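Comments concern the structure below.
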Amino acid sequence: MPSSKPAQPARIGTPAAPGAADTAVEPPEGQAVDGDRARYDGDRPRRPGDVPVDRPGAVSVGLSGGVPTVPPGDVLNAPPGDVLNAPPGDVLFSHPAAASAGRPGGVPFHRAGGGEVAAAAAVLSAPELAGIVDLVAWVDDGWLHVANADGASRLSLTTGLDGPWEVLRGRDPVAVRDPMHGVPLEQALRDPSPPNARNSYPLAGVRLASVFADPARSPDVVVVHSAAHHWPERGGHLGEHGSLDAGQSRAPLLLSGAGVHGRGPLDRHARVVDVAPTLAYLAGASMTDPARPAGLNDPTGSNDLTGPASLNDLARPASLNDLTGLNDLAGLAGANGLAGAGGPAGRNGSADLGIDGRALTELCVPGARHVVGLLWDGVNCNDLLAMAGAGELPAVARLLARGVALTGGAVAEFPSVTLANHTSALTGVGPGRHGILNNAYFDRETGRRIVANDASTWHLACEQLRPGVRTVFEAIAAARPGVSTACVNEPIDRGATYSTFGLVRAMNSAAGAGGLGEHLPSAADDPHATQEWVAANPDYAWSTQVDALGLAQIRQLWGEQAAEPPAFTWWNTTVTDTGHHGGGPYSPQSRASMADADRRLGVFLDLLEARGLADDTVILLTADHGSEGADPSRTGDWDEALRAAGIPFRDEAYGFLYLTPSAATNT
């Protein structure tokens, strides 16, 4: 599972009801209310307003070669004579070269006009908020704008996203865009969680532009937290991510094993969107060519992947390595035949197969019999490499002995949050193209709030993927029909032959993964867990249980009982995100979480060696984002300033502002 951190309720603000934003969304089960502020005590069940919804035929906006594009033939989805039926002050979405989609039935939806956006930006970039607002971003008339208390700049969206930024006043808020800023660990520790003037914003143009590329789901204004902002009343922690800066955006990236060139650290960086094309390339497939032959990587593999028949078969046995009575999942012999994987049977994505990432062909070549992708959620890249170098992560050190690590890691997409970047890692495209823009967001087309990163909705995440997007599982299935793939503890699983969340969907429970309790192993009995933190932090204990279940699945899929392990395996680890949130980066808790993950990785590497598979396997280790420490004294809430200014708004995921009156309602 991606993370134990529950989704936060939307803040709704209206001038007529100054306090409505705090209480307009009724507290669901598991949530308590302190005065006029909502806080979460645990995972909540899905509410009716949070049910993921289908998207019937709306326009998809892409970023091809850095320039926004619309598929030929897409037109404004509005009834004749009603194209400009907008109330005063509202305008139809006017992203460059993009048509506006509409609600089902042909009624256009609206985005905030320049006046509303300018008013909000002025409030948010006031000096009084400088300690908590790093910068504000929005799109207007073909320009991407950023502003803060010290200055403002803009970038043309029509001449390419690699062009120069034009400074409009003061200092450019994204003047420094060095992806290697704060590398290595010693440099980061000299200036932890720096303010905007000393910070760096790698690939600021392309990452921000992607956030605004979805006409129905993109916010009107993005508020980027300062690196040190602490917001416990809104679900914040001592360790944070989600912002645009280098520290919160830097995920690790290591490649190890068969076909990997070079050894040790390399002073360079990649992107999270490079993960999918690299994994597909290593597996003999392509994210951009559905008909690519397998070529070098076409061993005689198993068409029939043995896995747990149901979650009851993953109930804790006498030992985690003793999963007895496990049968083949019905209907999973071919990946394209899995109708339950979050999409229709046989769906491989549409003809729009351009991607934002690239295969890292200079670091590796295909040919390995088995490809493995590991995602350690929320890991700080600097600390991971430092601990491995010091011998504190021996399994990661084993990977480095047979491979390379990029010291600059992989730059996450913005926002640098969990499910947006899990999806980018497994599709090779940014949030504005794949459609999962944040852990929670508002969909103007349906008028509903979408909570994507929640225990009750993880198993349905692939329903939110936009047309034309496909997963690495689908790419491999298209290039190598009949080979087996496995997706362990990961929601973005469409096309996988075996999937943890396929089993969750088979449960048909309204609680989704939140109903897994009886199937999870005991955290107190886990030999790979740091029991100090299991006892001290309930989230750490839950994440430990989830990761123990993940290791149990890996042992089943790769153990002696599996005649041929999967050609491609993706394995997500959760406790690392919990540890970094709970203690912040470089803390005893975050380092304990990495040591726990390392011990589980060591079990897998030992299994590879015992089966003689180490020389036939290539492994990629990454994360979905980085982590920076919050300053407990750096508190504040920009929603209060917006309400005081009389600006109607909906604040989703604490930073995505929707300003039209239709969005600023309790849905």
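The values are calculated or read from the model by the stated rules, or taken from the named source; none is laboratory data. Note that this is a predicted model, so its numbers are computed, not measured. Neighbour counts are summed over all protein chains in view; Cβ atoms, including those assigned to glycine, are modelled from backbone coordinates with ideal geometry. All accessible areas refer to the heavy atoms of the entire protein, side chains included, with ligands and DNA or RNA removed. Shrake-Rupley method; radii C 1.70, N 1.55, O 1.52, S 1.80 Å.
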I'd like to check something: does the range 488-499 contain any residue that is in contact (Cβ under 8 Å) with a residue 24 or more places away in the chain, out of contact with any helix residue (DSSP H, G or I) (no Cβ under 8 Å at 6 or more places or on another chain), of a type in the set (Ser, Thr, Tyr) and within 18 Å of Leu375 (Cβ to Cβ)?
yes
Which one is farthest from Asp539 (Cα to Cα), of the residues in the range 442-476 that are outside any loop (DSSP other than H, G, I, E, B) and open to solvent by 10 Å² or more (accessible area, probe 1.4 Å)?
Arg448
Might you let me know whether the range 199-213 holds any residue that is open to solvent by less than 10 Å² (accessible area, probe 1.4 Å) and either modelled with pLDDT under 95 or assigned to a strand (DSSP E or B) (or both)?
no
Taking first residues from the range 204-218 that are under 11 Å from Pro431 (Cα atoms) and of a type in the set (S, T, N, Q) and second residues anywhere that are open to solvent by 10 Å² or more (accessible area, probe 1.4 Å) and not in a loop (DSSP other than H, G, I, E, B), the pairs with Cβ under 9 Å that are 6 or more apart or on different chains are Ser210/Leu63; Ser210/Arg433; Ser218/Arg111; Ser218/Val139
Residues of the range 437-484 being aromatic (Phe, Trp, Tyr) and modelled with pLDDT under 95, in sequence order, are Trp458
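Condition check ((1) among the small types (Gly, Ala, Ser); (2) touching a Pro at 6+ places or on another chain (Cβ under 8 Å); (3) open to solvent by less than 20 Å² (accessible area, probe 1.4 Å)) across all residues:
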residue: Asp141; (1), (2), (3): no, no, no
residue: Ala149; (1), (2), (3): yes, yes, no
residue: Gly160; (1), (2), (3): yes, no, yes
residue: Met180; (1), (2), (3): no, no, no
residue: Pro194; (1), (2), (3): no, no, yes
residue: His237; (1), (2), (3): no, no, no
Within the range 524-549, tally of residues that are assigned to a helix (DSSP H, G or I) and more than 20 Å from Gln589 (Cβ to Cβ)
1
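For (1) in contact with a helix residue (DSSP H, G or I) (Cβ under 9 Å, 6 or more places away or on another chain); (2) of a type in the set (Val, Ile, Thr), each residue gets a yes or a no:
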| position | (1), (2) |
| --- | --- |
| Ile132 | yes, yes |
| Leu161 | yes, no |
| Arg169 | no, no |
| Asp172 | no, no |
| Pro184 | yes, no |
